[in-house]
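Reviewing the structure listed below.
The values are calculated or read from the model by the stated rules, or taken from the named source; none is laboratory data. These figures come from a predicted structure and were not determined experimentally. Because the Cβ atoms are built from the backbone with ideal geometry, glycine has one as well, and the counts that use them run over all protein chains shown. When the accessible area is computed, the model is the full protein with side chains, heavy atoms only, and any ligands, DNA or RNA have been set aside. Shrake-Rupley method; radii C 1.70, N 1.55, O 1.52, S 1.80 Å.
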Amino acid sequence: MPAHADAAPLALIGVPAGAARAFRELGIVAVGVPDTDLKAVLDACHTLRFCGALVGPSHEEAVLGAVTPDADARRVGRVDAVSFTGGFGTGGSHGAYALTGALMDALEATGYAARGASAVLLGNTADDLARALPLSRLGFTDVGVVADSSPDAERAARDLPAGVRSFAMSRRDSSLSTLTERADLIVLTGGSLPAGLVQPYHTVIDLTGRAQITSTGATSLNLSSLPARRLVRQLAHATGHRFHLEELEPLVRVLG
């Protein structure tokens, strides 16, 4: 679908230049904007009546301080989509982190039965653990949160929903193997999987893309649709339009 000349443009921050043509195929006029002095850039986009902005991974942290973030973006410390509301001076720039919701979408699409199950989130810091915390909203009864340090694990665990039994500990805790033995799902958000921790009865989600899961005999969930699901949510926030996954496949390839 060709882009309409009168359509409100979408700002691209830290997004590959070649993406603009793929956006036009979706009917979106996309314009690369400067990635310095982001508050001023976003204010200018607001004045010029851009619909919103799409943010590349290398700029997600920097954009956080230039917008009003939603709860998930504030918790993770990153923004990957921006929307503009109201007229200049009366509205604002509102940031979202679409990956959190997309991760829930992707897990639900696999058919995995989260309700009543137990999970362990295994990472390095509270920041990388925060990306997986939304999964706890899907009905898990017990969630273990493991980081390099106990304070980081405890900080992340404070954001778990009420009613979820939580266990926070460091990777060095002698009880870690006992915690994971009782888990149904292990989610790796950072670092590596300790040797012998994953058992054949576990299901594993690897958000790092580096874990060797097949050698453990465990089931690795296929979340290959995650990039497209994330883009669906990013564009819904930034443009107000919700696209189908199939429509976005060419754009996902360009964005990498």
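Among the numbered criteria (1) hydrophobic (A, V, I, L, M, F, W, C); (2) over 21 Å from ASP127 (Cα atoms); (3) modelled with pLDDT of 90 or more, which single criterion is violated by ILE213?
Condition not satisfied by ILE213: (3).
Could you pull out the residue among VAL143, VAL198, VAL120, VAL187 that is over 26 Å from ALA96 (Cα atoms), of a type in the set (A, V, I, L, M, F, W, C) and buried (at least 21 other Cβ atoms within 10 Å of the Cβ)?
VAL198
Pick out the one residue from LEU193, LEU188 that is farther than 18 Å from LEU107 by Cα and within 23 Å of the chain's Cα centre (by Cα).
LEU193
Which ones in region 151-190 are touching a residue at least 24 places away in the same chain (Cβ under 8 Å), of a type in the set (A, V, I, L, M) and part of a helix (DSSP H, G or I)?
ALA153, ALA156, LEU176, LEU179
Within region 212-228, identify whether any single residue is surrounded by 20 or more Cβ atoms within 10 Å (Cβ to Cβ), closer than 27 Å to HIS46 by Cα and in contact with a Leu (Cβ under 7 Å, 6 or more places away or on another chain), and answer yes or no.
Taking every residue of region 212-228 in turn, at least one turns out to be surrounded by 20 or more Cβ atoms within 10 Å (Cβ to Cβ), closer than 27 Å to HIS46 by Cα and in contact with a Leu (Cβ under 7 Å, 6 or more places away or on another chain).
Select from region 108-144 the residues that are polar (S, T, N, Q), part of a loop (DSSP other than H, G, I, E, B) and over 18 Å from ASN222 (Cα atoms) and list them in ascending order.
Within region 108-144, ASN124, THR125, THR141 qualify.
Is it true that ASP128 is in the same structural domain as LEU188 (by the TED database), within 16 Å of LEU188 (Cα to Cα), within 19 Å of the chain's Cα centre (by Cα) and of a type in the set (D, E, K, R)?
Yes: the conditions hold for ASP128.
Go through (1) over 30 Å from ALA168 (Cβ atoms); (2) out of contact with any Lys or Arg (no Cβ under 8 Å at 6 or more places or on another chain); (3) modelled with pLDDT under 95; (4) open to solvent by less than 40 Å² (accessible area, probe 1.4 Å) for GLY89 and report which single condition fails.
Single failed check for GLY89: (4).
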